[in-house]
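The structure appears below as structure tokens.
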Amino acid sequence: MNNLAISSWKGVFIIKTKLIILRGNSGSGKTTIAKRLQNHFGEGTLLVSQDTVRREMLMVRDREGNISQDLIKQITEYGKGKCKFVILEGIFVKQRYKAMLEDLIHFYEGNAYIYYFDLSFENTVARHNSRPQAEEFGEDLLRFWWSPDDQLGLAEEKLLTEEMTQKDILNLICIQLAV
């Protein structure tokens with residue numbers, strides 16, 4: 001199998017899953033990169049989107065203690081040993097989600113790759129205006145939600161900057177995952 005670490009325990013094959021965490025402000029490009037990675041990795045790649053779970057599945061606001069956090073964590077944990085890659089993407093503001101993300105990083109036993117989209121507000125607005133959601137909400141809400149410099153402060157977290165193209169980001173992640 002292509003670059004997969006697979007072990008067998010009592011005849012059951014267990015995949016050594018790699019967790020990819022993509023974080024950053026609304027409109028920064030997380031979902032686009034996550035979907036491109038999922039397409040690149042193909043079958044057996046689980047994509048867990050904060051917006052899908054929170055807004056579409058549960059219809060809850062992103063507030064302290066909202067029930068989406070537990071479900072996001074459970075779905076992400078489900079993929080370990082079953083999927084080659086699990087991609088977790090969302091805003092995941094440090095204040096509310098750092099403990100959950102650290103738990104997941106620990107759960108994946110050193111096979112977690114964390115990326116933060118570190119972009120200027122102006123660049124984020126420009127990216128947002130080029131996507132379909134631009135008609136749903138505009139610059140005022142982006143500014144209200146804006147959380148600058150929200151890195152987790154973990155040595156493993158890599159910064160993705162506005163100078164990087166989508167291709168640069170995809171190449172960086174694939175090189176770091178050795179795929």
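If the chain linking ARG143 and ARG55 were pulled fully straight, counting 0.36 nm for each residue of separation and taking away their Cα-Cα distance, it would gain 29.7 nm.
Springs between Cα atoms under 10 Å define the GNM used for the chain, and in it the highest mean-square fluctuation of PHE117, PHE137, PHE92 occurs at PHE137. The GluC sites (Glu not before Pro) found in the stretch 61-149 that occupy coil by DSSP, while having at most 13 further C-beta atoms within 10 Å, are GLU64, GLU109, GLU136.
Taking amide H positions as modeled 1.01 Å from N, with prolines and chain starts lacking one, the residues under 5 Å from VAL48 and 5 or more places away or on another chain are ILE87, LEU88, GLU89. Note that the stretch 22-31 has calculated 3J(HN,Hα) couplings of 10, 10, x, 5, 4, x, 7, x, 4, 5 Hz, one per residue in order, obtained from phi through the Karplus relation 6.51 cos²θ - 1.76 cosθ + 1.60 (θ = phi - 60°); glycine and proline are x.
One Cα centroid belongs to the stretch 118-179, the other to the stretch 9-61; the line between them spans 16 Å. The calculated 222 nm mean residue ellipticity attributable to helices in the chain amounts to -10500 deg cm²/dmol, summing -39500 (n - 2.57) over DSSP H runs of n ≥ 4 and dividing by all residues.
Counting beta carbons within 10 Å around each of LEU142, LEU177 and listing the fewest first gives the order LEU177, LEU142. Under a 5 Å amide H cut-off, with hydrogens placed 1.01 Å from N, ASN111 pairs with nothing among residues at least 5 apart or on other chains. To the nearest 0.05, how large is the calculated FRET efficiency for ASN39 and LEU172 if R₀ is 22 Å and r is the Cβ-Cβ distance? After rounding, the FRET efficiency stands at 0.85.
No value in this document is a laboratory result; all are computed from the given coordinates. Everything quoted here is computed from the prediction, not taken from an experiment. We place every Cβ from the backbone using ideal geometry, glycine too, and count neighbours over all the protein chains shown.
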